[in-house]
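Reviewing the structure listed below.
The values are calculated or read from the model by the stated rules, or taken from the named source; none is laboratory data. This is a predicted model, so every value here is computed, not measured. Reconstructed Cβ throughout: ideal geometry from the backbone, glycine too, with neighbour counts over all protein chains shown. For accessibility, only protein heavy atoms count, side chains too; no ligands or nucleic acids. Shrake-Rupley method; radii C 1.70, N 1.55, O 1.52, S 1.80 Å.
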Amino acid sequence: MAEANDRSSESRVPGLDLLRLAAVAAVILYHYGFWGPASNGAPQVALPYLAGFAQYGFLGVPVFFTISGFVIAYSAEGRTPIGFAIARFSRIYPTFVFCMTLTFATTLLLGGTHFEVTFAQWLANLFVAAPALGQSYVDTSYWSLVIEIVFYAWVALFMALGLFPRRIDLIILVWLGITFANELTIDAPVFEKLFIADDSGFFAVGLLLYEHYRGRRDLALFSILALSAGTSVFQAIHKLERLGVHTHGSFDERVVAAICLVSIAAIFLATRIRKLPLPAGLILAAGGITYPLYLLHMQMGYTILTAAGPVHHVELWTASIISGAIVLAWATWRFVERPAHRWTKDRMTAYAAKLGWKSHPKANVGNEGKPA
């Protein structure tokens, strides 16, 4: 969700911005058409006639992971591990703190007894992985952000070791091997979290699509890409058992597999399209709002609907809240995320330079055209 959104017009992949927006739309549909009443005991957060379709919106998150694999490989190119870490931190953290605090304040004011938050919870969420500190997320959607950060950490580590992207094939094969060893045997939570064993296939597909984007066309690439895509389908279906128990939903494995494969194909096609017949500013905004929209849409909306009590015309209320979240996400992107990202990145880069840590392999290499 937090992948780069501000590449120059020459280096952007505009189709990915639109796919990001489609993915977050699927997640919103899932949360308001299915997840709310199933997992939060909030029956007014429901569009029951959409549930059979909306329940598959959870696959919007793995689509984000696939896009993230592509964009993070792009972002790492031409940077040192320090430069990559600074770019990632400045991209995701300031916006996260702002949106998390806004959600916390809304829940504190309007949550009542249904949604309760504490200052200790807010403090733990400043570290993103709040459950590791014994507190729950302010918004449960943050779980996917933790997975993204673990992925970034692995990329930075392999960059520091000189293995990324030079040994990308070996990295992915070992990664998928660990995935299947865990998923088909002990299914240990520690391995699941450390090695992203539930979502590794999606990230791997994105990494390999970037290799293709750069011009690689060998048999090894296509073979490992097919293996990664198959792993993605396996992982999506593997999640259904736990998801079904938690939500009491009934999912069709064939539909899940089809959505995964169609999504991967759509991302591939998007990387082959350099221009779209839409205004560049509109495409930029579409990609730009996806991260804050993902962070803001669920818990805040649930809180407002619950505080309103039993409401008539739930469709109108839901549409109004989602529209409000879109406007708020745009304002966050335009007036908070972009300036905060630039300020944080500049300050961290300057501080790293004082310590003798280079952000780019060569001192005279700029950042023009690079994803942040």
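Just a few scattered comments:
- Table column - 3J(HN,Hα) (Hz), segment 251-268, Karplus curve with 6.51, -1.76, 1.60, x for Gly and Pro: 10, 8, 4, 5, 5, 4, 4, 5, 4, 4, 5, 5, 5, 4, 5, 5, 5, 4
- Accessible-area order (highest first, 1.4 angstrom probe) of the listed residues THR103, THR113, THR80: THR113, THR80, THR103
- If you plug the beta carbon distance of LYS354 and ARG274 into 1/(1 + (r/R0)^6) with R0 = 41 Å, you get a FRET efficiency near 0.55.
- The sum of -39500 (n - 2.57) across all DSSP H runs of n ≥ 4, divided by the residue count of the chain, sets its helix-only mean residue ellipticity at 222 nm to -21000 deg cm²/dmol.
- Shape analysis of segment 54-178 yields a ratio of the Cα radius of gyration to the Kirkwood radius, Rg/Rh, of 1.04.
- Cα pair distances exceeding 15 angstrom across segment 256-363, given as percent: 77 percent
- Eligible aspartates and glutamates near LYS239 by straight Cα distance, threshold 14 Å, same-chain separation 8 or greater: GLU183, ASP187, GLU192, ASP198, ASP199, ASP252, GLU253
- Neighbour cut-off at most 13 other Cβ (10 Å), DSSP loop, chymotrypsin sites (Phe, Trp or Tyr not before Pro), segment 53-141: PHE127
- Shown here for segment 230-287: trypsin sites (Lys or Arg not before Pro) in loop regions (DSSP other than H, G, I, E, B) with at most 13 other Cβ atoms within 10 Å, namely ARG274, LYS275.
- Relative contact order of the chain: 34 percent, from C-alpha pairs under 8 Å at least 6 residues apart in sequence.
- The simple spin-label model puts a point 7 Å past each Cα toward its Cβ; for ALA226 and ARG254 those points are separated by 2.3 nm.
- Taken along the Cα-to-beta-carbon direction at a fixed 7 Å, the label points for LEU240 and LEU123 span 4.5 nm.
- Label point distance in nm, TRP143-ARG214, each placed 7 Å from Cα along Cα→Cβ: 3.3 nm
- Ranking ILE259, ILE92 by solvent-accessible area of protein heavy atoms (1.4 Å probe, all protein chains present), from largest to smallest, gives ILE259, ILE92.
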